[in-house]
1. Have a look at 160, 169 and point out the one that is in a helix (DSSP H, G or I), crowded, with 17+ Cβ neighbours inside 10 Å and under 16 Å from the mean Cα position of the chain (by Cα).
2. Check off (1) surrounded by fewer than 21 Cβ atoms within 10 Å (Cβ to Cβ); (2) touching a strand residue (DSSP E or B) at 6+ places or on another chain (Cβ under 6 Å); (3) assigned to a helix (DSSP H, G or I) for residue 144 and give me the number that stays unchecked.
3. Taking the condition closer than 17 Å to residue 103 by Cβ and in contact (Cβ under 8 Å) with a residue 24 or more places away in the chain, does residue 47 pass?
4. Would you mind stating whether residue 191 is in the same structural domain as residue 94 (by TED's automatic domain parsing), part of a helix (DSSP H, G or I) and under 12 Å from the mean Cα position of the chain (by Cα)?
5. State which residue is farthest from residue 34 (Cα to Cα) when the search covers only segment 96-113 and only residues that are touching a strand residue (DSSP E or B) at 6+ places or on another chain (Cβ under 9 Å) and assigned to a loop (DSSP other than H, G, I, E, B).
6. So residue 127 passes all but one of these: (1) farther than 29 Å from residue 260 by Cβ; (2) surrounded by fewer than 17 Cβ atoms within 10 Å (Cβ to Cβ). Which condition number does it fail?
7. Here are the criteria: (1) touching a helix residue (DSSP H, G or I) at 6+ places or on another chain (Cβ under 8 Å); (2) farther than 24 Å from residue 217 by Cβ. Tell me which single one residue 113 does not satisfy.
8. For segment 40-61, which residues satisfy the criterion of being touching a strand residue (DSSP E or B) at 6+ places or on another chain (Cβ under 7 Å) and buried (at least 18 other Cβ atoms within 10 Å of the Cβ)?
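The values are calculated or read from the model by the stated rules, or taken from the named source; none is laboratory data. Small disclaimer: the values here were computed from a predicted structure and weren't measured. Methodologically, a virtual Cβ is constructed for each residue, glycine included, from the backbone with ideal geometry; neighbour enumeration extends over all protein chains shown.
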């Protein structure tokens, strides 16, 4: 007589650094889920605002690390290794608030398909988001769910490997099977994992009815820094461009969509949108030339100044 299949164990992991009130809301939203994770883990980087105590009060195990040791990929990998008794690993950022009590259950349902190795949910703009901020979320996170494989690269290019570990779940054996999260990567550790998963013949699911509230109102200067970091990533991981294509096509599609959205909702912002587009492009191209820039510039241009420590070749 066949034995009943063991239910998959789920860990929910949140890197936290001074999460403030939004982290209180995010933690409360986790505890309100109809499908509770089997493990709750916070990786806290020297919070000084009581974020670690909020986590403990809400039932999270807290692993504390020094702020200087935090690494977007490395810290997530450490958490994955810490949760070796779990089959599925759900990652949130401390400012991503689950939108309703069924969000986690809907996300995990994607793993009913044995081909799915990664599943990520929809991100909705904050209530206070302006039109430019709101459009970025609506463009990247539509209502329609979809499942992608390596065969979709021809049509989607780099978009095929798009995910966001602000709200993303991984089948742990698949994550470890592609080497886990990369260490010492400036940004987009989630895209690197997703690209490797696709190359391994597995699938990525986008779950449009599983939502978090999560967006950022970046200034124009912050957009420069953010795209500078993407330029650095694409130089240091040139295999992404070779395997999935250059990002310019998707960038132009975004620009056209943003202009159409602003024409309907805030036409007076179109000149600002144009300036921001040029600044993003300048930031991206500057990042691709990072090895030839002085260290002081690297730290100033980047949203991740700690990345340019003594261990980085460009800082020598």
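1. 160
2. Here residue 144 clears every test but (3).
3. No; evaluated as a whole, the condition is false for this residue.
4. On the way: in the same structural domain as residue 94 (by TED's automatic domain parsing): yes; part of a helix (DSSP H, G or I): yes; under 12 Å from the mean Cα position of the chain (by Cα): yes.
When the stated conditions are applied, residue 191 passes them.
5. From segment 96-113, those touching a strand residue (DSSP E or B) at 6+ places or on another chain (Cβ under 9 Å) are 96-100, 102-111, 113; that's our starting set.
From what's left, assigned to a loop (DSSP other than H, G, I, E, B): 96, 99-100, 102, 113.
Working: 96: 18, 99: 12, 100: 9, 102: 6, 113: 21 Å.
If we take residues in segment 96-113 being touching a strand residue (DSSP E or B) at 6+ places or on another chain (Cβ under 9 Å) and assigned to a loop (DSSP other than H, G, I, E, B), then 113 is farthest from residue 34 (Cα to Cα).
6. (1)
7. Tallying (1) touching a helix residue (DSSP H, G or I) at 6+ places or on another chain (Cβ under 8 Å); (2) farther than 24 Å from residue 217 by Cβ, residue 113 fails exactly one: (1).
8. Let us first name the residues in segment 40-61 that are touching a strand residue (DSSP E or B) at 6+ places or on another chain (Cβ under 7 Å), namely 40-45, 47, 51-52, 55-56, 59-61.
Across segment 40-61, the qualifying residues are 40, 41, 42, 43, 44, 45, 47, 51, 52, 55, 60.
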